[in-house]
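**Student:** Can you read through this structure? Questions will come right after.
The values are calculated or read from the model by the stated rules, or taken from the named source; none is laboratory data. All figures in this text were calculated on a predicted structure; none of them were measured in a lab. Here the Cβ positions follow ideal geometry from the backbone for every residue, glycine too, while neighbour counts run over all protein chains shown. Side chains are part of the model used for accessible areas, which takes the heavy atoms of the whole protein and leaves out ligands, DNA and RNA. Shrake-Rupley method; radii C 1.70, N 1.55, O 1.52, S 1.80 Å.
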Amino acid sequence: RTLEVSLPVSLDFTSDVKLFTPGSTSAVEIEITAARAHSAGALKLNAPAGWKISPASQAFDLATVGEKKKFTFSVTAPEKPTDADITASAQIGDATFGTRRIEIAYKHIPHILLQPPARLKAVCLNLAIRGKKIGYVPGAGDSVAEALTQMGYDVTSLTGADLTASRLKDFDAVVIGVRAFNVRTDLVPQLPALFAYVADGGNVIEQYNRPGGDLKTDQLAPYRLHLSGDRVTDETATMTFLAPDHPVLNTPNKITSADFDGWVQERGIYFPNEWDEHFTPILACHDPGEAPLKGSLLVAQYGKGYFVYTGLVFFRELPAGVPGAYRLFANLVSLGK
């Protein structure tokens, strides 16, 4: 095991991303943990010009190793949309510390200590939402539910047993987590009730699933839909609007090409390559030298409601604080409202 130098204190924001509307003030919480006894000093947040933080600093005094305390600061965003990294620092005597502490400990690999900077992605954007109550069906694991909460929605986690007519009627929309139909066995029997919820005026947003042997059903939607290995790995790929007048690109947020700036890692994965004519393809994009793919975002009206299937990687973009991803996802959730 290598020699590790632990700093006296470590800092950790309680969320990685914080959304603001222009000029708004919101509480930001940070936790400080002692690695040495009798660690005392002053804690402060640091932000670029245009952002305001109150109070300027707060005193802390941690008596024992492992002791934790949480502190809340008020952060006010600028009057215009922008984003910023807000960092934290703890002053102890003449020294300043501003890192997290992440330990990776498994029997089959050496112990690893990471001490990256404590950083919060603050995103100031114009974001409109419609509806209020969202049901979230977790999949293989993502933080989209937390992002929806940040957007102002009341989010409830749902099991397969919750996908009944009496339960679903309480929600303005139901969002299904990534690869849910690859990893869960309790959802397929409830699909008729989920589709009936859409027919009665509900809204379902189904995030990507992976085709192959562990996919629990081919009936992923109320209409025919065939998954493929199609993907676009160039995160800067031009997005062509195939249905520019569709509500998903206009209501309640007007989506433009600028909303696809700053995406990370890729545009999307496992796009459908065949679908029923009831689906409307919204976007087209492609990697260099390849043909345009139209399956990244498909929207269908089914009865009185909407069913959305998307391979766009919202599960990467929302935790990364990409403003346009929040605006587009808000439009998906707001369909029919």
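**Student:** Expressed as a whole percentage, what fraction of the accessible surface of the stretch 173-239 belongs to carbon and sulfur atoms when a 1.4 Å probe is rolled over the protein heavy atoms?
**Tutor:** For the stretch 173-239, the apolar C and S fraction of the accessible surface comes to 48 percent.
**Student:** Which aspartates and glutamates have a Cα less than 17 Å from the Cα of K132, not counting those fewer than 8 places away in the same chain?
**Tutor:** Excluding near neighbours in sequence, the set is E146, D154, D170, D172.
**Student:** While we're on this one: Taking a cut-off of 14 Å between Cα atoms, list the aspartates and glutamates near K68, but don't count ones fewer than 8 places away on the same chain.
**Tutor:** Here the aspartates and glutamates satisfying the reach criterion relative to K68 are D12, E29, E31.
**Student:** Need one word for the stretch 90-201: rounded, prolate or oblate. Basis is the Cα gyration tensor (sqrt eigenvalues a ≥ b ≥ c); a/c below 1.5 gives rounded, then a/b vs b/c decides.
**Tutor:** It comes out oblate by the Cα gyration axes.
**Student:** Further, regarding this structure: Using Cα-Cα distances under 8 Å and only pairs 6 or more residues apart, what relative contact order does the chain have, in percent?
**Tutor:** 15 percent
**Student:** Right, something else. In terms of the ratio Rg/(2.2 N^0.38 Å) built on C-alpha atoms, what value belongs to the chain?
**Tutor:** The chain yields a ratio of 1.12.
**Student:** Go through the stretch 72-85 residue by residue and turn each phi into a ³J(HN,Hα) via Karplus (6.51, -1.76, 1.60, θ = phi - 60°); whole Hz please, and just put x for glycine and proline.
**Tutor:** Rounded to whole hertz, the list is 10, 10, 9, 10, 10, 7, x, 7, 10, x, 6, 9, 7, 8.
**Student:** Please give the Cα centre distance for the stretch 268-319 versus the stretch 125-159, rounded to the nearest Å.
**Tutor:** 20 Å
**Student:** Quick check for you: with a 1.4 Å probe and neighbouring chains kept, what is the accessible area per residue of the chain, in Å²?
**Tutor:** Roughly 45 Å² per residue, with all protein chains present.
**Student:** Sticking with this one: Count neighbours as other Cβ atoms within 10 Å of each site's Cβ, and list the chymotrypsin sites (Phe, Trp or Tyr not before Pro) in the stretch 242-297 that are DSSP loop with at most 16 such neighbours.
**Tutor:** Within the stretch 242-297, no chymotrypsin sites (Phe, Trp or Tyr not before Pro) qualify (loop, at most 16 other Cβ atoms within 10 Å).
**Student:** Which lysines, on any chain, are close to K80 with Cα under 18 Å apart, when same-chain ones fewer than 8 places away are left out?
**Tutor:** The reachable lysines, counting only those whose Cα sits under 18 Å from K80, are K18, K52, K121, K254.
**Student:** Please figure out what share of the DSSP beta bridges in the chain is antiparallel and state it in percent, rounded to the nearest 5.
**Tutor:** DSSP beta bridges in the chain are roughly 75 percent antiparallel.
**Student:** Is it possible to state the helix-based mean residue ellipticity at 222 nm for the chain, with each DSSP H run of 4+ residues giving -39500 (n - 2.57), the sum divided by total residues, to the nearest 500 deg cm²/dmol? What is it?
**Tutor:** Theoretical 222 nm ellipticity from helices: -3000 deg cm²/dmol.
**Student:** Taking all protein chains in place and a 1.4 Å probe, what share, in percent, of the accessible surface of the stretch 252-337 do carbon and sulfur account for?
**Tutor:** Numbers: 1420 of 3000 Å².
In the stretch 252-337, the share of accessible area belonging to carbon and sulfur is 47 percent.
**Student:** What part of the accessible area of the stretch 1-109, given as a whole %, is carbon or sulfur when the probe is 1.4 angstrom?
**Tutor:** After summing per-atom areas, the C and S share lands at 51 percent.
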